[in-house]
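Student: Please read through the structure below; I'll follow up with questions.
The values are calculated or read from the model by the stated rules, or taken from the named source; none is laboratory data. The model shown is predicted, which means the values in this text are computed figures rather than measured ones. All Cβ positions, even for glycine, are placed from backbone atoms using ideal geometry, and neighbour counts span all protein chains on display. Surface areas here come from the heavy atoms of the whole protein model, side chains and all, with no ligands, DNA or RNA. Shrake-Rupley method; radii C 1.70, N 1.55, O 1.52, S 1.80 Å.
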Amino acid sequence: MRRSVKVAAVLAFLALTVYGPTASTVTPGAAAAAGPQLQSIGPLAFGPDGVMYAADSLAGKIYALDLGAQANGGAPGTANVANITQKIAAMLGTDSLQVSVTDLAVDARTHNSFVSIMRGQGPAARPALLRVDGAGKITTIDTSALQFTSVDLPNLPAGSSEGRNQRAQAITQVKYANGRVWASGLSNEEFASKLWSVAYPFSKADAGTSVEIYHGNHQQLETRAPMYAFIPYTIGNEPYVIGAYLCTPLVKFPVAALKPTSGKPYRGTTIGEFGAGSRPIDMILYKKNGREFLLMANTTRGVMKIPTEGFATAAPITMPVTSETGGVPFEKVPSMARVQQLDLLDATHSVVLAGSNATGLDLQAVELP
Amino acid sequence: MRQRNGGAGTRGRGILLLLVFSAVCCGRGPDSSTRLLTITLQPAASRALPAYVAVSGLDAAELSSLRTRAATDAEWPSLLKVTVGGDGAEGAGNNIAGDSPPAVEGRYAVTGTAIMFTPLFPFDPGRPYRVAFDPSRLPHPRHAAIVSEVVRLPPVATEPTTVVTAVYPSAGVVPENLLRIYIEFSAPMGSGAGLDFVKLVEVSGPGGRTERVEKGAFLPIEANFWSPDHTRYTLFFDPGRVKDGIFPNRQSGRPLHAGRQYVLDIAPAWTDANGLPLLAGYRHAFLAGPAVDKAIVLSDWTIARPAPGTRDRLAVRFPRPLDHGILARALGVEAAGGRRVDGEIGLESRDSVWTLTPVAPWQTGEYNLVAQPFLEDPQGNQIGRAFEAFAPGGDDLKSDRAPGSRGTPGNAGNDIVFRVPFTIGAP
């Protein structure tokens, strides 16, 4: 950030676990540094004032990037780009099999889309960030020139320095809401649901908070299934998080009720079952004809449109469902097929990356259903 | 890594490619138009100096006229353009400008003798790149045809060598509610998910000759489940099917059924970090046993204590195997005052024995075996907390990680750490 980082007002609604002093590379009041040393990139999210939050799973960090002049200069909007993965690959000197898209996010100021990718295979893969403008022009962002602040995700303690630590984590979603950055993640070892949040601007005083959320599927059997995608949401002026888990459903939980992990695990309230054998990818909120909807992309079950008016009053699913789906109503959006990444473009359109890794992904602006 | 290896290999073989073209003199240009233009691919000199393309044969005046042009100026690709691929007609013709195919991004520089192009990402070993130079786009144009040539670094490897070295749990019998499997490789693998290359096969019938693929056994997810060095992949069973009672489980049942024989079949097509397939496929056979759905109980562990004054190993035996990956970092030993005992960790008896061989001899006194709260068995059960916790009547979940065993929960970093005291040298 070009502006100096100020100490964040600590929001009182969270009194959760505070991890050790791994916190931030930025001291209160210090100016942001230039040139983040990204080891990986994605997922992405935009916050107010065009700050881009970029997760670096390999480094275990969340970066706040000031795109500066590189946010501008393109035609407003996002134009369709057929087989964008192939074009990006060619620009980066390789073929599309060497390009893994990690996320897609829209800058609400310009409505340009940003695509994060990893170029290459295995431990040699390197991150890249690209902007797509309203003329379909793809521009590589020179991240080495960006101003940034960052915060470290809490690391699980190692029991012994001599043991071989093969643990890795994959951050599955990053969002900004109400002065905090939120992140969900998965580990390649322990199977646990953790949702982590930290005040922004980042400060050394706040290393973030982490809460373990049980997946209250039918009240009798509770598991720690990881949350994959989520979106901050407000019900009756109260901040909530709406989350989607790996193995079933839509869950809501009030932010104010989250408690530290020491002691009681927290349980979300299941409000929807959308079918198995699929995982959520992205969620966006939008309004159409006076109604609000949650649009959720899934791996094998396509895109679902869920009216949100039932979120406040939906009866918790407390019994094992006897059909494949249940809870809040939803409808499938068959016109949006093979969606791999989804974000809100503007009041009337979403932008998606659709296709397959084998044949390449198309960037498309799609009218909101 | 791969690019660095490629550079190193290239250094040993000398400069790869040379001249490609001699400019056609049309008789109207300056003397410089008769100079030979040469395109070379210079191998990487170091990690900091990756391979680059150089165009030489330009005279001092031509180079000088380019020297003020910025390294990333949009004009460069119309003069010197590098594109992916060496086949076909791309790059040829009368004009190299335009976006199709897109130019490889990079930085241009002018030295005393040449124009240099260094790609934003190092050139891929073995991949062909077409380099085209259009003399007519020099600030003082030469009336000459486009120079075009295909260059490539030598491939890092051409023959498959990577193999599967181990699968965990390694026991011949695993619980039917198994949640995860680790697959270890002899060398770094690519970034692809394992789902396309791994099958769960149920084996039955006389001689085990009947094979049936259990579809939908694994988590349909392409998250990065590789270890940091890409030599271990974590394969998660679909938790929706493993978890008792929820719809996918009720609909399709668990992927594994106690009493049945299975093979984890790993296809050789899975590619390593060099893009090469495995040297061979791999089949890991096992029998499914009854589910293990109980928490880990510390009081069930036995500690074989070494004698004081020795560097003999401490051995902790569990009544059932714990998670191979997590065990390596979730257990430790501390001496009086909380000082960590450094040493070498070992896993034995198919992950049901953990050992510590200390760097320094054991001393008579009090010690603690320290267990981190994230320790799990391969079914996801933790200390004092089963993967599937029972909370009758919808009551709030109890804090079921309180003591109840001889482990004492402590508080470190706001999470519970379990300590099991033991003595060395005492009766």
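Student: Are any of the residues in region B:42-50 under 15 Å from A:Ala90 (Cα atoms), open to solvent by 20 Å² or more (accessible area, probe 1.4 Å) and in contact (Cβ under 8 Å) with a residue 24 or more places away in the chain?
Tutor: No: region B:42-50 contains no residue that is under 15 Å from A:Ala90 (Cα atoms), open to solvent by 20 Å² or more (accessible area, probe 1.4 Å) and in contact (Cβ under 8 Å) with a residue 24 or more places away in the chain.
Student: Quick one: count up the residues across region B:262-288 that are closer than 21 Å to B:Glu202 by Cβ and part of a strand (DSSP E or B).
Tutor: Matching residues across region B:262-288 total 12.
Student: Identify all residues within region B:330-354 that are open to solvent by less than 10 Å² (accessible area, probe 1.4 Å) and within 11 Å of chain A (Cβ to nearest Cβ); write none if there are none.
Tutor: B:Ala330, B:Leu331, B:Gly332, B:Val333, B:Gly343, B:Trp354
Student: For region B:145-166, which positions are in a strand (DSSP E or B), open to solvent by 40 Å² or more (accessible area, probe 1.4 Å) and within 30 Å of B:Asp134 (Cβ to Cβ)?
Tutor: B:Glu149
Student: Quick one: count up the residues across region B:218-247 that are open to solvent by less than 10 Å² (accessible area, probe 1.4 Å) and more than 23 Å from the chain's Cα centre (by Cα).
Tutor: 5
Student: Pull up region B:195-217, narrow it to residues that are among the aliphatic types (A, V, I, L, M) and open to solvent by 50 Å² or more (accessible area, probe 1.4 Å), then point me to the one that is farthest from the other protein chains (Cβ to nearest Cβ).
Tutor: Here the answer is B:Val213.
Student: Search region B:168-194 for residues being more than 11 Å from chain A (Cβ to nearest Cβ) and within 21 Å of B:Asn274 (Cα to Cα), and hand back the single one that is surrounded by the most Cβ atoms within 10 Å (Cβ to Cβ).
Tutor: Filtering region B:168-194 for residues that are more than 11 Å from chain A (Cβ to nearest Cβ) and within 21 Å of B:Asn274 (Cα to Cα), the one surrounded by the most Cβ atoms within 10 Å (Cβ to Cβ) comes out as B:Ile183.
Student: Scan region A:254-285 for residues that are over 17 Å from the mean Cα position of the chain (by Cα), at pLDDT 80 or above and part of a strand (DSSP E or B) and report the count.
Tutor: Number of matching residues: 5.
Student: Also, quick follow-up: Filter region A:336-347 down to residues that are surrounded by fewer than 20 Cβ atoms within 10 Å (Cβ to Cβ) and either free of Cβ contacts under 8 Å to residues at least 40 places away in the same chain or in contact with a His (Cβ under 8 Å, 6 or more places away or on another chain) (or both), then give me how many there are.
Tutor: 3
Student: Here is a further query. Out of B:Leu322, B:Leu327, report the one residue that is part of a helix (DSSP H, G or I), in contact (Cβ under 8 Å) with a residue 24 or more places away in the chain and within 13 Å of another protein chain (Cβ to nearest Cβ).
Tutor: B:Leu327
Student: Which condition from (1) open to solvent by less than 10 Å² (accessible area, probe 1.4 Å); (2) modelled with pLDDT under 80 is the one that A:Ala297 breaks?
Tutor: (2)
Student: How do the pairs read when you match residues in region B:83-107 that are within 20 Å of B:Tyr52 (Cα to Cα) and more than 10 Å from chain A (Cβ to nearest Cβ) with residues anywhere that are at pLDDT below 80 and part of a loop (DSSP other than H, G, I, E, B), using Cβ under 7 Å and keeping only pairs 6 or more apart or on different chains?
Tutor: Close Cβ pairs (under 7 Å, with a partner that is at pLDDT below 80 and part of a loop (DSSP other than H, G, I, E, B)) amount to B:Arg107/B:Thr72.
Student: Sticking with this one: Select from region A:174-192 the residues that are of a type in the set (Gly, Ala, Ser) and assigned to a strand (DSSP E or B) and write down the one among them that is surrounded by the fewest Cβ atoms within 10 Å (Cβ to Cβ).
Tutor: A:Ala177
Student: Counting just the residues of region A:107-121 that are open to solvent by 10 Å² or more (accessible area, probe 1.4 Å) and farther than 30 Å from B:Leu276 by Cβ, which one comes out farthest from the other protein chains (Cβ to nearest Cβ)?
Tutor: Applying the filter and picking the extreme gives A:Ala108.
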